[in-house]
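Single-structure report; data block below.
The values are calculated or read from the model by the stated rules, or taken from the named source; none is laboratory data. Only a predicted model underlies this, so the values are computations on that prediction, with no experimental measurement involved. All Cβ positions, glycine included, derive from the backbone under ideal geometry; neighbour counts span all protein chains shown. Quick note on the areas: whole protein, heavy atoms, side chains included, nothing else; ligands and nucleic acids left out. Shrake-Rupley method; radii C 1.70, N 1.55, O 1.52, S 1.80 Å.
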Amino acid sequence: LKVAVLVSGGGTNLQAILDAVDSGKITNAQVSLVVSNNPNAYALTRAKNHGIEAVCISPKEFESREKFHEALLKKLQESGAELIVLAGYLVAIPPMIVEAFPNKIINIHPSLIPSFCGVGYYGLHVHEAALKRGVKVTGATVHFVDTGTDTGPIILQKAVKIEPDDTPESLQRSVMEKAEWKILPKAINLIANGKVSVDDHIVTISD
Ligand code: GRF
């Protein structure tokens, strides 16, 4: 399965994917392209260090949002990607791209959807909201991307206990280590091995 990964920041989720491919935790899949909207994303360095094509396609380089979307879609189609993984990617995916890759785009979100998700709930804001609400358990979700924000069919979730002394930063770290870096590679492996099916908005995993 040819996989393209879209990133915006440090790329620790990308790294978890690359490590899982190298260790055999992910089979029948390879990352053939990494795209970032941010030229300074360390994720691009991680890709280059791994010999993977790593490009920056930034909205700022285009005279309109539509031209940016067209360039991104063209790059994804040319790469032959069969699965697109949003790994800490902070730019909205337009309907044009969602429709070109139906149930072929997945996203990792650092909460148990439908809690603490939707527009504005990204990065530390997600964990600030969880701490503010006083939930005892949070976690991460891998879901298919549809034209909404964090509204697509849920593939995998993993819960993480919140400690009394957790800060947004410490909570983000533990959700990444204990949940994101586990369920994102696992979801890719399940998809690459034909174990995931979607009916309406319900995902079935055959193990
Ligand atoms: C983090 O906030 C993570 O929870 C979310 O994307 C952000 C950056 O992740 N999934 P990464 O280190 O760039 O993968």
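Some observations on this one:
- Sum of side-chain charges, PRO114 neighbourhood, beta-carbon under 14 Å (Lys, Arg +1; Asp, Glu -1): -1
- Spacing of the two label points (7 Å from each Cα toward its C-beta) at LYS67 and GLU177, in nm: 4.5
- A helix-only calculation puts the chain at -10000 deg cm²/dmol for mean residue ellipticity at 222 nm, using -39500 (n - 2.57) for each DSSP H run of at least four residues, averaged over all residues.
- As a calculated quantity, the FRET efficiency between GLN157 and GLU99 at R0 = 35 Å, using C-beta atoms, amounts to about 0.85.
- Under the combined filter of DSSP loop state and at most 15 neighbouring Cβ atoms within 10 Å, segment 12-97 retains these trypsin sites (Lys or Arg not before Pro): LYS25.
- Across LYS48/LYS104; LYS25/LYS161; LYS25/LYS67, pairs whose alpha-carbon gap is larger than 28 Å: LYS25/LYS67
- A cut-off under 14 angstrom between Cβ atoms defines the neighbours of GLY152, and their net charge, with Lys, Arg +1 and Asp, Glu -1, is -4.
- Sites ASN49 and ALA92, calculated FRET efficiency, Cβ-Cβ separation with R0 30 Å, nearest 0.05: 0.55
- Calculated FRET efficiency for the pair VAL198/THR27, C-beta based, R₀ 22 Å, to 0.05: 0.55
- Under 15 Å from the Cα of LYS158 - aspartates and glutamates, other chains or at least 8 residues apart: GLU177, GLU180
- Carbon plus sulfur fraction of accessible area for the chain, probe 1.4 Å, in percent: 51
- Proximal charge balance of ALA87 [Cβ under 12 Å; K/R count +1, D/E count -1]: 0
- GluC sites (Glu not before Pro) within segment 1-69, DSSP loop, no more than 16 other Cβ atoms inside 10 Å: GLU63
- Volume of the Cα convex hull of the chain, divided per residue and given in Å³: 118
- Å² of accessible area per residue within the chain, as computed with a 1.4 Å probe and no ligands counted: 49
- Taking amide hydrogens as placed 1.01 Å from N in the peptide plane, the amide H of LEU156 sits under 5 Å from those of VAL142, each at least 5 positions away in sequence or on another chain.
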